[in-house]
Amino acid sequence: MDFLTIYQKHADDYDRLVNAEDCDHHLRPAIERHVPLNGAAVLEVGAGTGRVTRLLLAGGAKVFASDQSPAMLQVARTHLAAFNRSTWSLICADGRAQPVASRWADLAIAGWVFGHQRGWNPMGWRESVKRGLDEMARALNPSGVVIIIETLGTGSEVPAAPTAELEEYYHWLESEQGFTRESLRTDYQFATIDEAAAVTGFFFGDDFAARVRHEAWLRVPECTGLWSKRL
């Protein structure tokens with residue numbers, strides 16, 4: 001199953017996967033090393049089912065979040081109902097054309113979003129991602145921070161780009177766009193091996209599910225990269 005189909009038609013299954021990730025809660029502290037969230041104004045691009053959105057809100061931020069998939073946003077709204085409605089907004093929009101004013105945000109963040117362009121748009125990915133980065137920068141105030149989050153390997157304890165295409169994208173972020181990379185662990189945790197195989201196999205494929213069973217993983221290793229840039 002391709003990622004577009006998952007995002008458009010299987011939002012609930014995707015949500016089960018991402019809700020199992022970052023079992024040690026490393027992601028929010030990593031973000032807050034760059035921007036204190038309490039009182040921060042945040043633009044989130046590619047919110048999906050709202051996993052990162054909830055971290056931001058729990059830290060005290062006010063979040064304007066967008067995603068291109070109505071199905072994903074429907075699930076996100078259910079989760080975000082637990083938070084004060086005045087602290088968040090969700091809208092269906094392309095990350096390369098954000099319907100927001102300029103120079104208002106303290107943080108612009110995109111989690112596991114732009115890396116898809118390497119597969120979806122192999123010839124024009126640089127231009128496409130640059131449009132998204134420019135929109136994020138446009139929304140930031142003069143001291144704002146851009147954060148990009150991407151995978152550095154599922155089922156691996158050593159952080160590394162899982163494909164040559166993603167490594168090319170990561171190198172481009174660092175060498176041409178001025179971002180700095182750091183690595184962290186965001187492992188998945190499951191109650192049973194059957195659950196681990198089913199939930200991860202849905203997204204990563206049958207071969208990965210077989211590996212989960214072979215390794216008897218309740219905790220599935222995940223390495224994550226966080227790229228940051230201050231204006």
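Each value in this text was obtained by applying a stated rule to the coordinates, not by laboratory testing. None of the values given here were measured: they were computed from a predicted structure. Cβ coordinates were reconstructed from backbone atoms using ideal geometry, including for glycine residues, and neighbour counts include every protein chain displayed.
Which three extents, in whole angstrom, do the alpha-carbon atoms of the chain cover along their principal axes, largest first?
Cα extents, longest axis first: 50, 40, 31 Å.
Sequence-distant or interchain residues sharing an amide H contact under 5 Å with GLN68, placed H: which?
ALA93
What lysines sit close enough to LYS229 to cross-link, taking a C-alpha to C-alpha distance under 24 Å and skipping anything fewer than 8 places away on the same chain?
Result set, ordered by chain and number: LYS62, LYS130.
Read phi for every residue in the stretch 159-173 and hand back ³J(HN,Hα) as whole Hz from Karplus 6.51 cos²θ - 1.76 cosθ + 1.60, θ = phi - 60°, with x for Gly and Pro.
With coefficients 6.51, -1.76 and 1.60, one gets x, 6, 4, x, 9, 5, 5, 5, 4, 4, 5, 4, 4, 4, 4 Hz.
What value, in deg cm²/dmol to 500, does the helix sum -39500 (n - 2.57) over DSSP H runs of n ≥ 4 give at 222 nm once divided by the residues of the chain?
The helix contribution divided over the chain gives -11500 deg cm²/dmol.
Across the stretch 122-133, in residue order, what do the Karplus-derived ³J(HN,Hα) couplings come to in whole Hz, using 6.51 cos²θ - 1.76 cosθ + 1.60 with θ = phi - 60° and x for Gly and Pro?
Taking θ as phi minus 60°, the curve returns x, 8, x, 5, 4, 5, 5, 5, 4, 4, x, 5 Hz for the stretch 122-133.
Which cross-chain or sequence-distant (5 or more) residues have an amide H under 5 Å from the amide H of TRP104, H modelled 1.01 Å from N in plane?
LEU140, ASN141
For the stretch 48-126 and the stretch 170-193, write down the distance between their C-alpha centroids in whole Å.
18
For the stretch 144-231, which GluC sites (Glu not before Pro) are in a loop by DSSP, counting at most 15 other Cβ atoms within 10 Å?
GLU157, GLU176
Which whole-Hz couplings ³J(HN,Hα) result when phi for each residue of the stretch 72-78 is put into the Karplus expression 6.51 cos²θ - 1.76 cosθ + 1.60, θ = phi - 60°, listed in order with x for Gly and Pro?
Each residue of the stretch 72-78 in turn: 5, 5, 4, 5, 4, 4, 4 Hz.
Using a 10 Å Cβ count of at most 16 others and DSSP loop calls, identify the longest part of the chain lacking such trypsin sites (Lys or Arg not before Pro).
Counting only loop sites that pass the neighbour cut-off, the longest clear stretch is 104-231.
What residues qualify as long-range amide H neighbours of GLY155, i.e. H under 5 Å apart, gap of 5 or more or another chain, H built at 1.01 Å from N?
Result for GLY155 returns GLU222, CYS223.
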